[in-house]
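The values are calculated or read from the model by the stated rules, or taken from the named source; none is laboratory data. It should be emphasised that the depicted structure is a prediction, and the values quoted were computed from it without experimental measurement. As a convention, Cβ positions derive from the backbone with ideal geometry for all residues, glycine included, and neighbour counts pool all protein chains shown.
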Amino acid sequence: MPICLTIVVVCLASSTLAQAPDDLAPPPVKFISREDRAKLDVKDKDIKDRTKLTLELMDLRLDAAERLHANREYDAMFSELGGFHGLMDDGLGFLGGRDQRSGKVLDNYKRLEIGLRSFSPRIEVLRREIPQRYDDYLRKLSKYVREARTRATEPFFGETVIRDRKPTDP
């Protein structure tokens, strides 16, 4: 009798695990809306203004996602997070296409990293009270924000070491 019970429990557990991935919400499409793209295109010449605008637009997307989360509109929240994700990728790509040794570019990588730092806790708050089917993407997005912060700091660390000059003796 205990063997039959064990077999039934194992079969039920495996069928439950097999059904779990089907219940997950698909990740949202990463995108940048036409309005956001138009605003960003206007700022293409000024790296500082464009980075600030990217962070502002990301903040607006995350604000909208938080409001939708409070209203339990999770699919619409996912759409806003897809816009957030798209803006983050675009900001990193924009800076990545510039001269990595330029002081302006390094300053804006720093600005972007600091801005991304403030988004991580907000995403974790969303994740804390979300239905299980949406958790997978939010977990991955949180990890992606951490990786984006790492990518934003990489240009500060070169492959060569610059030696200090030795003072000349008088």
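Side notes on the structure shown:
For every residue, the table says whether it meets (1) surrounded by 19 or more Cβ atoms within 10 Å (Cβ to Cβ); (2) farther than 20 Å from Ala148 by Cβ.
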site	(1), (2)
Tyr74	no, yes
Phe78	yes, no
Asp89	no, no
Phe94	yes, no
Arg101	no, yes
Ile123	yes, no
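- Odd one out for Leu138, checked against (1) under 18 Å from Lys30 (Cα atoms); (2) part of a loop (DSSP other than H, G, I, E, B); (3) among the hydrophobic types (A, V, I, L, M, F, W, C): (2)
- Matching residues in the stretch 75-120 - criterion: being β-branched (Val, Ile, Thr) and without any contact (Cβ under 8 Å) to a residue 12 or more places away in the chain: Ile114
- Look at (1) over 13 Å from the mean Cα position of the chain (by Cα); (2) at pLDDT 90 or above and you find that Phe157 fails only one, number (2).
- Cβ separations smaller than 6 Å between residues 6+ apart or across chains give the following pairs from the stretch 58-73 residues that are touching a residue at least 12 places away in the same chain (Cβ under 8 Å) and closer than 16 Å to Ser118 by Cα to residues that are assigned to a helix (DSSP H, G or I) and small (Gly, Ala, Ser): Arg61/Gly83.
- Residues of the stretch 135-148 that turn out to be surrounded by 19 or more Cβ atoms within 10 Å (Cβ to Cβ), of a type outside the set (A, V, I, L, M, F, W, C) and touching an Asp or Glu at 6+ places or on another chain (Cβ under 9 Å), as a count: 0
- Residue selected from the stretch 65-87 under the condition charged (D, E, K, R), part of a helix (DSSP H, G or I) and more than 13 Å from the chain's Cα centre (by Cα), by the criterion farthest from Lys30 (Cα to Cα): Arg67
- Residue match in the stretch 59-72 (condition: among the acidic types (Asp, Glu) and buried (at least 18 other Cβ atoms within 10 Å of the Cβ)): no
- Search result, residues across the stretch 13-44 that are of a type in the set (D, E, K, R) and either touching a His at 6+ places or on another chain (Cβ under 6 Å) or modelled with pLDDT of 65 or more (or both): Asp23, Lys30, Arg34, Glu35, Asp36, Arg37, Lys39, Asp41, Lys43, Asp44
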